[in-house]
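One structure is given below, encoded as C-alpha cells.
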Amino acid sequence: MARRFAATDLHGCLRTFRYLVEEELRLRPADTLYLLGDYVNKGPSSGGLLAYLMQLQAAGYQVHCLRGNHEQELLDAAHGHAKKTWLTEPERALTLASFGIASVGEIPVKYLSWLARLPYELELPDFMLVHAGYNFALPPAEMHRDFDTMLTTKSFAYDPSRLAGKRLLHGHVPKPLADIKTQVAARAGAIGLDAGAVYRLNPELRHLAALNLDSWQLHAVENRELAYPIARR
C-alpha cells in the first residue's frame, strides 16, 4: 500500500536525510514524501541535498517540495537582493562550500531554477501544508497570498474554518521531539514537524522527524552528519 509522509527543515543535513529516506522510511516510488521547506543553509551539505532531491524526483520518486524562507533567501542573494541578515559569515561559507563556489552568484542555474519553481503551499484532501504558517486573521484569499507570513511567521492562532476543516502541517520553528510526539499523539489541528535536525549540539533537538499521514506514526532519526560548526540554539 502506498504511504504518505511529511518532513521539514532539512538544512543541508544530507547524511541524516538519506538515512531517513533509505533506511528508516525505506521510501518506495509508490509512496509520497512531502517536504515543507528549508533544504539549504546552516548545515554542511546544502548543494548535495538539493542534488539528492532532484535525483529522487528524476528517478520517479513522488517527492513534493515546498518553499521555505531559506530557499527564498538563497534565491534573493543569488539575484543580488541579499538581505543584510542573510546568515552569519561562517554559515555563508558553509553553504557556498557545499556548492563548490566562492560567491552566491555562482550557484548553478539548475539549482536556482529548481528553487524558483517551489510552491508556497500544498493542499491535500485532509491536510494543508506550508512552511511556517498563516495569518488566520486575513480573509482566506488574502491569507494564501501573504507569502511573507507563509515563509516566516513564528506564531499563529490556528483556525480550521479558514482551511475548510483541514489540519495544518508546518515547520520553521524548531521544537523538542517530545513536544512533537505530544502533538501527534493528540492529533492536534496544527502540528509543527521541525525537530531541529541541524542543531546537533542540542540534545532536545537534533532530530529529523517524518509523519506518516495515514497511520500517524512518527519517525525520527538523530543527526548523523560529520562535525560542522553551528551554535547551540
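The values are calculated or read from the model by the stated rules, or taken from the named source; none is laboratory data. Just so you know, these numbers come straight off a predicted model, no measurement behind them. Note: ideal-geometry Cβ built from the backbone for every residue, glycine included; neighbour counts use all protein chains shown. The protein model used for the area step is the full one, side chains on, heavy atoms only, and it has no ligands, DNA or RNA in it. Shrake-Rupley method; radii C 1.70, N 1.55, O 1.52, S 1.80 Å.
Solvent-accessible area of the chain (1.4 angstrom probe, protein heavy atoms only): carbon and sulfur portion equals 52 percent.
Ordered from largest to smallest accessible area (heavy atoms of protein chains, 1.4 Å probe), the residues 16, 152 come out as 152, 16. Annotation: the antiparallel percentage among DSSP beta bridges lying fully within the chain is about 40.
Assuming charge only on the beta carbon of Lys and Arg (+1) and of Asp and Glu (-1), the dipole of segment 67-204 about its Cα centre is about 200 debye to the nearest 20.
The chain gives an Rg/Rh value of 0.94, both radii derived from C-alpha positions and Rh following Kirkwood. For residue 148, the accessible area of its heavy atoms, probed at 1.4 Å with every protein chain present, is near 100 square angstrom. Once the Cα-Cα distance is subtracted from the 0.36 nm per residue extended length, the residue 226 to residue 55 segment shows a gain of 59.3 nm. Over segment 107-233, the alpha carbon radius of gyration divided by the compact-protein estimate 2.2 N^0.38 Å works out to 1.15.
Each part gets one Cα centre, and for segment 198-228 versus segment 1-69 those centres are 13 Å apart. Shape descriptor for segment 115-160: Rg over Rh equals 0.94 (Cα atoms; Rh from the Kirkwood inverse mean 1/r).
In a fully extended conformation the segment linking residue 156 and residue 201 would gain 13.4 nm over its present Cα-Cα distance, using 0.36 nm per residue. Considering all different alpha carbon pairs of segment 1-99, the Kirkwood hydrodynamic radius works out to 14.0 Å. Note on segment 26-77: semi-axes of the ellipsoid equivalent to its C-alpha gyration tensor, largest first and rounded to whole Å, are 22, 12, 9. Averaging the sequence gap over all C-alpha pairs within less than 8 Å and six or more residues apart, then dividing by the number of residues, gives the chain a relative contact order of 23 percent.
Could you give the nm distance between label points at residue 103 and residue 182, where each point is 7 Å from its Cα heading toward the beta carbon? Inter-label distance under the simple model: 4.9 nm.
For residue 64, the accessible area of its heavy atoms, probed at 1.4 Å with every protein chain present, is near 70 square angstrom. Since only 170, 213, 103 are under comparison, the one whose Cα sits farthest along the positive direction of the charge dipole of the chain, derived from C-beta charges on Lys, Arg, Asp and Glu, is 213.
Treating r as the C-beta distance of residue 92 and residue 215 and R0 as 25 Å, the FRET efficiency rounds to 0.05. For segment 154-233, the relative contact order comes to 23 percent (Cα pairs under 8 Å, sequence separation of at least 6). Give me D for segment 163-233 in µm² s⁻¹, whole number, from Stokes-Einstein with Rh from the Kirkwood sum over alpha-carbon pairs, 4 °C and 1.567 mPa s. Translational D for this selection: 101 µm²/s. In the chain, helices alone account for a calculated mean residue ellipticity at 222 nm of -8000 deg cm²/dmol, with every DSSP H run of four or more residues adding -39,500 (n - 2.57). Number of Lys-Lys pairs in the chain with C-alpha atoms under 30 Å apart and a separation of 8 or more places or on different chains: 17. In plain terms, the chain from residue 137 to residue 110 could stretch by 6.0 nm, reckoned as 0.36 nm per residue minus the Cα-Cα distance. Taking the Cα centre of the chain as origin and assigning +1 to Lys and Arg Cβ atoms and -1 to Asp and Glu Cβ atoms, the resulting dipole is close to 260 debye.
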